[in-house]
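Each value in this text was obtained by applying a stated rule to the coordinates, not by laboratory testing. Just so it is clear, the structure is predicted and the values come from calculations on it, not from any experiment. Note: ideal-geometry Cβ built from the backbone for every residue, glycine included; neighbour counts use all protein chains shown.
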Amino acid sequence: MPVWASESGLKPDEIVRVVAYLRQLGGNISFKPDSSPARWIKADAAAGSRLFTSNCSGCHGQNGEGAEGPALKNKVLLSSATDRFLVETIGRGRRGTAMQGFLNPSPTRSTLSTQEIESIIAFIRSWEAK
């Protein structure tokens with residue numbers, strides 16, 4: 001998707017109108033800013049590796065390369081996704097996809113605690129340095 005906030009993209013008032021329209025489609029849910037820093041997770045990446053292997057690799061690939069689910073070992077995703085985004089995505093899932101939230105009980109997969117989700121994110125973040 002191209003950058004829309006450039007000179008040839010949308011003007012500020014057009015962005016406001018697009019956001020208002022999208023919020024209306026979503027039931028007029030108000031925006032709640034996240035006051036935490038983009039990177040705040042301090043968790044056990046080794047435990048996250050084990051949890052990723054048993055809970056995530058079937059869809060996202062053994063090394064995050066993607067399979068049924070998208071690649072997570074992706075420079076753009078890793079540099080732009082905040083820890084809050086990743087926590088919420090893993091915990092709640094992604095509507096309209098096969099990704100169900102791991103905070104919700106399911107007969108087909110394990111439920112994960114917030115601490116376990118944070119460990120998975122610490123493991124995923126370890127790919128950034130490589």
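Some notes on this structure:
- Segment R92-S35, length gained on full extension (0.36 nm per residue, minus Cα span): 18.5 nm
- For the range 75-90 versus the range 34-65, the gap between their alpha-carbon centres in whole angstrom: 10 Å
- Förster-model FRET efficiency, 22 Å R0, A67 and Q115, C-beta, rounded to 0.05: 0.25
- DSSP-loop trypsin sites (Lys or Arg not before Pro) across the range 1-90, with at most 14 other Cβ within 10 angstrom: R39, K42
- Which of W127, W40 has the fewest Cβ neighbours within 10 Å, and the rest in rising order: W40, W127
- Per-pair calculated FRET efficiency, R0 = 35 Å: N104 and E128 via Cβ, rounded to 0.05: 0.80
- Dipole size of the chain about its Cα centre, with +1 on Lys/Arg Cβ and -1 on Asp/Glu Cβ: approximately 100 debye, rounded to the nearest 20.
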